[in-house]
Amino acid sequence: MAITIKEIAKLANTSRGTVDRVINHRGGVSKEVEEKVLQIIKENNYQYNQYARALVNSKKMYKVGVVLTAYNSDFYTRVLKGVRHSSQKEKNKQLELLTKVTNYAVKSQLNAINELYDEGIQALIINPIYDNEIKTRLEEINIPIVMIGNKIEISNLVSFVGCDYYNNGTLAGDVAGIISNHQKILIITGQTHPLAYEKRVKGFKDQLSENQLIDYLKTNDSDKDTYEKVKQYFKQNSANLIYFSTGNGIGGGIKAITDLKLDTKVIATDEHPDVITGLKNGQVVITITQQPEKQGISSVDIIRKYLILNEVAKKEHIIGNKIKLKHSNFNEIL
């Protein structure tokens with residue numbers, strides 16, 4: 001039977017309240033008593049209590065690598081914001097986060113992984129690019145990994161953090177079904193996250209009537225390409241509503257609509273600054289956010305619990321989608 005706090009207090013010749021203070025880092029305990037309590041905890045294998053386990057290992061620091069394709073990506077910039085916010089929390093003081101920001105290129109991501117591994121990281125948080133070289137390297141380094149956004153099946157994957165892409169699309173589709181008036185809808189997708197786009201579009205279309213008129217436009221996820229393609233599309237076609245199933249390049253798309261002086265409404269994904277502006281001026285009707293800051297915070301939390309508390313996370317940690325409108329709070333972290 002595991003030792004209790006009452007028994008620890010008796011062995012340490014102190015009160016249960018003092019033991020509780022030591023376990024919960026609340027201070028007010030002499031160094032001598034604290035060390036005695038921690039020694040008793042260690043000798044009696046009290047690691048099943050997560051707080052005690054953390055305290056027993058309280059002097060050990062862990063290097064955690066963070067690789068995010070946040071270069072020119074508003075979404076992963078926000079994920080990084082969540083990671084950095086979490087790193088300032090007292091409960092994460094044992095984690096030394098080493099961050100690499102890359103573009104969405106295999107070579108760039110491989111270099112970042114290798115540089116961090118050479119620095120001695122003991123775990124990794126990453127939004128991996130779907131590529132065999134990336135998969136092979138992540139397996140080779142054989143350290144605990146938490147993936148964000150994209151999931152690659154490897155043996156050392158601790159957990160995947162992301163959102164329900166299909167649900168993201170269904171929420172957008174619910175709104176489109178109300179405001180489209182059975183006129184044409186233009187669906188814009190990208191190329192860097194094909195699985196996410198595919199699931200969002202399916203969820204979106206499943207909420208519409210079978211006779212709904214739909215056009216498709218695929219971009220390379222950049223503002224420039226999206227601007228040019230949207231502008232060209234509307235020179236030859238018309239649409240009552242645009243659904244951006246991607247948050248990348250959306251700034252260029254909104255600019256094209258503005259420059260053409262169209263009254264076409266937009267349903268967006270995530271919280272690009274141009275989306276927020278569009279919501280406030282009425283051009284964007286609604287955006288469905290994947291709560292990227294919360295994804296970053298959750299990833300750090302999972303790694304902390306795994307390394308320090310030996311707590312195994314769920315294989316998938318799905319963050320709920322959130323609807324945002326004109327008067328929503330766009331400065332929240334959680």
Just for region 189-217: of the residues that are hydrophobic (A, V, I, L, M, F, W, C) and closer than 15 Å to I288 by Cα, which one is nearest to the chain's Cα centre (by Cα)?
A196
What single numbered condition from (1) in the same structural domain as I214 (by TED's automatic domain parsing); (2) among the aliphatic types (A, V, I, L, M); (3) out of contact with any Gly (no Cβ under 6 Å at 6 or more places or on another chain) fails to hold for V284?
(3)
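Table: residues versus (1) modelled with pLDDT of 90 or more; (2) part of a helix (DSSP H, G or I); (3) small (G, A, S).
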residue	(1), (2), (3)
V67	yes, no, no
Y71	no, no, no
R84	yes, yes, no
Q109	yes, yes, no
E139	yes, yes, no
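The rows are residues; the columns are (1) crowded, with 24+ Cβ neighbours inside 10 Å; (2) touching a Leu at 6+ places or on another chain (Cβ under 9 Å); (3) farther than 15 Å from V230 by Cβ; (4) not aromatic (F, W, Y).
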{"site": "S245", "(1), (2), (3), (4)": "yes, no, no, yes"}
{"site": "A256", "(1), (2), (3), (4)": "no, yes, no, yes"}
{"site": "T277", "(1), (2), (3), (4)": "no, no, yes, yes"}
{"site": "V300", "(1), (2), (3), (4)": "yes, yes, yes, yes"}
{"site": "N331", "(1), (2), (3), (4)": "no, no, yes, yes"}
Go through region 82-107 and give me each residue that's of a type in the set (S, T, N, Q) and without any contact (Cβ under 8 Å) to a residue 12 or more places away in the chain.
Q88
Can we say S245 is within 19 Å of V175 (Cα to Cα) and touching a helix residue (DSSP H, G or I) at 6+ places or on another chain (Cβ under 8 Å)?
yes
List the number of the failed condition for E96; all other conditions in (1) surrounded by 22 or more Cβ atoms within 10 Å (Cβ to Cβ); (2) assigned to a strand (DSSP E or B) hold.
(1)
For region 150-194, name all the residues that are assigned to a strand (DSSP E or B), under 21 Å from G247 (Cα atoms) and not aliphatic (A, V, I, L, M).
F160, G162, C163, T189
Quickly run through region 24-64 and pick out the residues that are at pLDDT 80 or above and within 37 Å of the chain's Cα centre (by Cα).
L38, I41, K42, K60, M61, Y62, K63, V64
Please work out if I3 is at pLDDT 80 or above and buried (at least 19 other Cβ atoms within 10 Å of the Cβ).
no
Identify, please: which residue in region 273-308 is among the hydroxyl-bearing types (S, T, Y) and part of a helix (DSSP H, G or I) and is, among those, farthest from G169 (Cα to Cα)?
Y306
The one condition G120 fails out of (1) in contact (Cβ under 8 Å) with a residue 12 or more places away in the chain; (2) within 13 Å of Q109 (Cα to Cα); (3) out of contact with any helix residue (DSSP H, G or I) (no Cβ under 8 Å at 6 or more places or on another chain) is (2)
Looking for whichever is in contact with a Gly (Cβ under 9 Å, 6 or more places away or on another chain) and touching a residue at least 40 places away in the same chain (Cβ under 8 Å) here; the options are G203, G149. Which one fits?
G149
Within 30 Å of A112 (Cα to Cα) and either crowded, with 19+ Cβ neighbours inside 10 Å or among the β-branched types (V, I, T) (or both), is that true of V201?
no
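The values are calculated or read from the model by the stated rules, or taken from the named source; none is laboratory data. Keep in mind it's a predicted model, so treat the numbers as computed, not measured. Backbone-built Cβ (ideal geometry, glycine too); neighbour counts: all protein chains shown.
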